[in-house]
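A quick write-up on the structure given underneath.
The values are calculated or read from the model by the stated rules, or taken from the named source; none is laboratory data. Please read these numbers as outputs of a predicted model, since none were measured by experiment. Note that we place each Cβ from the backbone using ideal geometry, even for glycine, and neighbour counts take in every protein chain shown. Remember, those area values only see protein heavy atoms, side chains included, never the ligands or the DNA or RNA. Shrake-Rupley method; radii C 1.70, N 1.55, O 1.52, S 1.80 Å.
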Amino acid sequence: MSNLKVIKTVKLFIGGEFPRTESGRTYSFNVKGTNDQYARLCQASRKDFRNSVENSRKAQPGWASRTAYNRSQILYRMAEMTEGKRVEFVDLFKNALGKSETEANLMVDEAIDTFVYYSGFCDKYQQVMGAVNPVAGPFHNFTTPEATGVVTLIDADEFNFAKLVDSISAIITGGNSVVALLGKGCPAVLAPLAEVFKTSDLPGGIINLLTGDLDEIKGFIGNHMEVRAISFQNEREDVYFEMKADAIDNMKRMIPRRDKTRSLDLILDFVEAKTVWHPIGQ
Amino acid sequence: MTSVTVKMPGGGRISIPHFPIDMVNANERASSFTTRSIKKQSKMDALYLAIEMTDLTTLEGMDTPGKVKQLCAKGIHPVPQHLLKEVSKNYDFREIPSVAAICVYPSMVPHAVEALAGTGINIASVATAFPSGQLDMRMKIKEVEKCVKDGATEIDMVIDRGAFHQGRYQKVFDEIVAVKDACGDAHLKVILETGELKTYDNVRLASWMAMEAGADFIKTSTGKVSPAATMPVTLIMLQAIQDYYEETGKKIGMKPAGGIRTAKQAVHYLCMVNEVLGTDWLSPDLFRFGASALLNDLIKQIFKQQSGQYYYDDILSQD
Amino acid sequence: MTKKKATKKKATTKKKASTKKKAAKKVAKKTIKKKKVSAHKIKPGMVFEYDAAPESSAVVNIKPKYDLFIGNEWVKPESGKYINNENPATTESLGKFAVGNDKDVDKAVKAARKAYDGEWGKMSGKDRGKYLFRIARILQERAREFAVLETLDGGKPIKESRDVDIPLAAAHFFYNAGWADKLEYVYPGKDVKSIGVCGQIIPWNFPLLMAAWKIAPALACGNTIVLKPAEQTPLTALLLAEVCQEAGLPAGVVNIVTGEGPTGAALVAHKDVNKIAFTGSTDIGKLIAKNVARTNKKLTLELGGKSANIVFADAAIDQAIEGVINGIFFNQGHVCCAGSRLLVEESIHDVFVKKLKKRMSTLRVGDPMDKNTDIGAINHKEQFDKIKEMVAAAKKEGCDFYQPEVKVPRKGYYHAPCFFDNCSTSDSIVRDEVFGPVLSIMTFRTPEEAVAKANDTQYGLAAGVWSEKGSKVHQVAGALKAGIIWANTYNKFDPTSPFGGYKESGFGREGGRHGLLPYLEVK
């Protein structure tokens, strides 16, 4: 192996594009347990975060108004694209995280299964958790789950590929858009994962992926008025409580760390129940 | 808003708004008037007023001149003189007024005219092939003319519901115009037969059409179809009258008929008239009850209010 | 001249024909004229004065002094402090009630914990349900007493407490009772379990109903509770305590600690409370949220609103008028979901406002105990002053003000219904919750504009849509960011129907299957 390696700079994924951070800063992501640089990553600034939210906010209503069948197909497409990029994911997990071939493949398998799981839920959670309510009067009354809006995902630092895919899928299944700050464990996953989203017919802005330092932007998430909910899957309890207090300003839905995956209630964390009344008469 | 366009007899067209009504809300609003409670003196006034607003009615196949005469006598003096004397021994009664009109079939008009001569009570005749209206228009007009000639001062016509449901609104309209014309000075009440129009949207449309065509009163029902008058249907018609008044400045009268049997119901209707149209309509000139059994109950309630005692039906004539 | 001709050739023969007719009924003609003169025309104001039809207050027995209800016993407050309770309709006293402090709250939480760890926690769902059914029945039986008490304490019209508040409160217990032994059906595919001790803080606008909304699902799910009623309206909650005793509810399952802000704060801060449920103002809600932010206490909030009532030109106008009236003037406008922003399509603005004015002039403001009263007393002085202040400020902002001339009693806190027309979205009367009988009116031209204006608020509790066009109703209902959409109706409530808002109107739902979720943990 005498060929000199080209170090890749992983860009951000915002609004369906791959911009560099506006701050121009990058940092090194090293091979696990070594000082060997695996890739250079963008260190997202608060402005990058705001940009992502702005893109996310604009795209979200369109996503929510797509048919459930269409959302379902796009999530299934993500499974297919992940399969198509298996080699890339496996290489990343092997080379950056020191996983074995088998382990890395299992990680990809699980992620694919997760996409498939949520794909199948896109047109079902409404039926399972919606209701026709038998009110005592001449009214048709029904409750349906509706998207909350823009969700910020704070990913765990300990890398768990399937869990990351689970968190993102659960959010977008319900018609929301997401701005995800990837954890420290394997931020370089942004590159192949964003490629998956980019090539899955997903409208730009529905999923935005950022890499960077949680401490740097944590103070601008809880109080961002366009963010309607936060999925806080990171291990940092102090930051969780801090953000929870900030989130009160616009009554964000604050979802704490969940230790389960592939579950209906993970979708329902990011939906609002809307109840509609209408008279029954002539 | 959609509308129905009809040709006017003198040329030109007018458009009649097809105004949507929400049934559930209308029912709710109508029922809100049934929980109003009015002052004792007001209630007394209301009971007297209701008598003055009554079109005392008999519309049976077995009606006879004798029966009509009895009814007229009751209309003139709703409380028999001997009974009034007896009751007045103990209590001071305001004189019980006469009813507004006696309402009969065309063949009975001459008998009513005779019985009511000089009393000031109106003679209302149903007409236009009451209650179905299923007759050639020329015959209907003849019938109206005959009634007027015989002395009817008020004509209660029915609209052609068949034509209405067919969407032949021009025919419905033209008939009313023609009947109005045949009425001369007699007042025209147009019966919509709301129980056959079924929807409130239809009631609203028919109300407006009747008013545009020249109705002096619009009336809910013949009494031969169930349901007859109801609070919500009357509310829809009162609101149409209100809107028509706002638009044209013309005050059209209202007559719910059939199904109003108790004084309590009558008071609820009057509360509704008062709140929707105001006190101007609290007059026999603009509001009537088409009823028969109602009269006795009004009298009983007056007796009761005045004396604190209940009187039984059998002391009053059952005409 | 035959009559046939007379009809056919009206123009030329009418005069003759009618002369002939006149002659034919000369007698009758005369009498008509006479009749018209003699007809009674009722002088305006003479008849139809609605009676003062006061509901008798004899059915209630208001004690001079109320203690705290802890562990099924009436307990004196540690502080020894009692405060006066006022009838807003008359400003007369309705006795005194105890002010609980942190020690009292601690006692109540301990009682609740004991019941949770003990009898209640171990009880079968079936039996829990039976207790709730019992409470529902007793509420129905004592409905009149509750209605009178509610009206005396809060100033709401007796017809509303009688026809809405109390029956709905009973219905909530009845509905939730049935869930107690069917919790496995609440969340498909998931196991659920109760949470523990719930602290519940309720507002003054629907005192008993809010207590029912809070207590019934909490108990059905197997929790125990400490309830803090609003200091303005403690009476029906205290009577509900009696009902709990009468129903034989085990000690500590329901504890009621009256008091003011600090009492509520003590409950929120208590370490052994697992969940806080609050209904009230957004400001206090945020304060509570801040207090529990650094804990793992569960929280549901039912907060303020500035709900839009959208009337399209193709609506059933007369019914929409009723909906607007009911939307904003129901319960003096003290309704979190009040339709306080009327958005009316520009093409019908004038006719709609004209009808609205006419309808408003028939509203009867006055003694809440009078069965004819449509708008009762403002709940308490502070709120009364706040409404007046906001109305005065809005007048300065330059919106067109309208208030019908209606008689208002001199004593007590009464505010005649009113509206501000031609407002713009930036006016404070459009943005801020008044919580009183004050409507703001704006116009729109397209459905998109209506939705944009309706959603232009930090709140998201409810909205109304009035149109007879079904597809438009559904599209607009879908686009509105609000938890409850009343399409061609407004201010309807039912125990089976989830209630709660988006955005700053809070989180969590009350009512229906969804209303149980905040009181359960999903495994």
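Descriptive notes on the structure:
- Condition met for residue C:293 (more than 19 Å from the chain's Cα centre (by Cα) and either more than 22 Å from residue C:226 (Cα to Cα) or not assigned by TED's automatic domain parsing to the domain that holds residue C:166 (or both)): no
- Residue match in region C:440-462 (condition: open to solvent by 10 Å² or more (accessible area, probe 1.4 Å) and either within 30 Å of residue C:52 (Cβ to Cβ) or in the same structural domain as residue C:280 (by TED's automatic domain parsing) (or both)): no
- Residue B:175 being in contact (Cβ under 8 Å) with a residue 24 or more places away in the chain, open to solvent by 30 Å² or more (accessible area, probe 1.4 Å) and not in a loop (DSSP other than H, G, I, E, B): no
- Any chance residue C:133 is buried (at least 18 other Cβ atoms within 10 Å of the Cβ), among the aromatic types (Phe, Trp, Tyr) and part of a helix (DSSP H, G or I): no
- Of all the listed residues (B:193, B:175), the sole one being touching a strand residue (DSSP E or B) at 6+ places or on another chain (Cβ under 9 Å), closer than 18 Å to residue B:5 by Cα and charged (D, E, K, R) is B:175.
- Under the condition of being over 21 Å from residue B:7 (Cα atoms) and part of a helix (DSSP H, G or I), the residues counted in region B:197-218 number 3.
- Considered as a group, the residues in region A:50-85 that are part of a helix (DSSP H, G or I) and charged (D, E, K, R) include one that is least open to solvent (accessible area, probe 1.4 Å), and that residue is A:71.
- Hits in region C:332-354 - residues which are among the hydroxyl-bearing types (Ser, Thr, Tyr) and touching a Ser or Thr at 6+ places or on another chain (Cβ under 7 Å): C:340
- Residues (within 14 Å of chain A (Cβ to nearest Cβ), open to solvent by less than 50 Å² (accessible area, probe 1.4 Å) and among the charged types (D, E, K, R)) located in region B:1-44: B:22, B:29
- Tally of residues being farther than 22 Å from residue C:425 by Cβ, outside any loop (DSSP other than H, G, I, E, B) and not aliphatic (A, V, I, L, M) across region C:302-322: 4
- Failed item in (1) buried (at least 20 other Cβ atoms within 10 Å of the Cβ); (2) in contact with a strand residue (DSSP E or B) (Cβ under 8 Å, 6 or more places away or on another chain), with residue B:63 passing the rest: (1)
Each row is one residue, and each column tells you yes or no for (1) open to solvent by 10 Å² or more (accessible area, probe 1.4 Å); (2) assigned to a helix (DSSP H, G or I); (3) touching a Pro at 6+ places or on another chain (Cβ under 6 Å); (4) away from chain C (no Cβ under 11 Å).
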| residue | (1), (2), (3), (4) |
| --- | --- |
| B:227 | yes, no, no, yes |
| B:234 | no, yes, yes, yes |
| B:241 | no, yes, no, yes |
| B:246 | yes, yes, no, no |
| B:254 | no, no, no, yes |
| B:260 | no, no, no, yes |
| B:264 | yes, yes, no, yes |
| B:273 | no, yes, no, no |
| B:280 | yes, yes, no, no |
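- Condition met for residue C:431 (more than 25 Å from residue A:247 (Cα to Cα), modelled with pLDDT of 95 or more, more than 14 Å from every other protein chain (Cβ to nearest Cβ) and open to solvent by 10 Å² or more (accessible area, probe 1.4 Å)): no
- Some residue of region C:82-90 being open to solvent by 20 Å² or more (accessible area, probe 1.4 Å), over 23 Å from residue C:224 (Cα atoms) and β-branched (Val, Ile, Thr): yes
- Total residues in region A:262-271 satisfying the condition of being touching a strand residue (DSSP E or B) at 6+ places or on another chain (Cβ under 6 Å) and open to solvent by less than 10 Å² (accessible area, probe 1.4 Å): the figure is 1.
- Counting only helices (runs of 4 or more DSSP H) that sit wholly inside region B:15-92, those with at least 2 residues that are within 18 Å of the chain's Cα centre (by Cα) are B:40-52, B:65-76.
- Per-region count, region C:326-368, residues closer than 30 Å to residue C:500 by Cβ and part of a loop (DSSP other than H, G, I, E, B): 9
- Condition check for residue C:371: out of contact with any strand residue (DSSP E or B) (no Cβ under 8 Å at 6 or more places or on another chain) and either more than 26 Å from residue C:202 (Cα to Cα) or modelled with pLDDT of 95 or more (or both): no
- Residue in region C:150-167 that is in a loop (DSSP other than H, G, I, E, B), out of contact with any helix residue (DSSP H, G or I) (no Cβ under 6 Å at 6 or more places or on another chain) and surrounded by fewer than 23 Cβ atoms within 10 Å (Cβ to Cβ) present: no
- Residue count, region A:108-158 (criterion: away from chain C (no Cβ under 12 Å), open to solvent by 40 Å² or more (accessible area, probe 1.4 Å) and polar (S, T, N, Q)): 1
- Pairing residues of region C:167-183 that are more than 24 Å from residue C:236 (Cβ to Cβ) with residues that are surrounded by fewer than 21 Cβ atoms within 10 Å (Cβ to Cβ), at Cβ distances under 6 Å and at least 6 apart in sequence or on separate chains, gives C:181/C:125; C:181/C:126; C:181/C:129; C:183/C:192.
- Enumeration of residues in region B:88-120 that are open to solvent by 10 Å² or more (accessible area, probe 1.4 Å), hydrophobic (A, V, I, L, M, F, W, C) and away from chain C (no Cβ under 14 Å): B:93, B:108
- Only residues that are of a type outside the set (Ser, Thr, Tyr) and without any contact (Cβ under 8 Å) to a residue 40 or more places away in the chain were counted across region B:53-91, and they come to 11.
- In the set (1) away from chain A (no Cβ under 14 Å); (2) open to solvent by 10 Å² or more (accessible area, probe 1.4 Å); (3) at negative phi, the condition left unmet by residue B:214 is number (3).
- For residue B:142, the conditions (1) more than 18 Å from the chain's Cα centre (by Cα); (2) not in a helix (DSSP H, G or I) all hold with the exception of (2).
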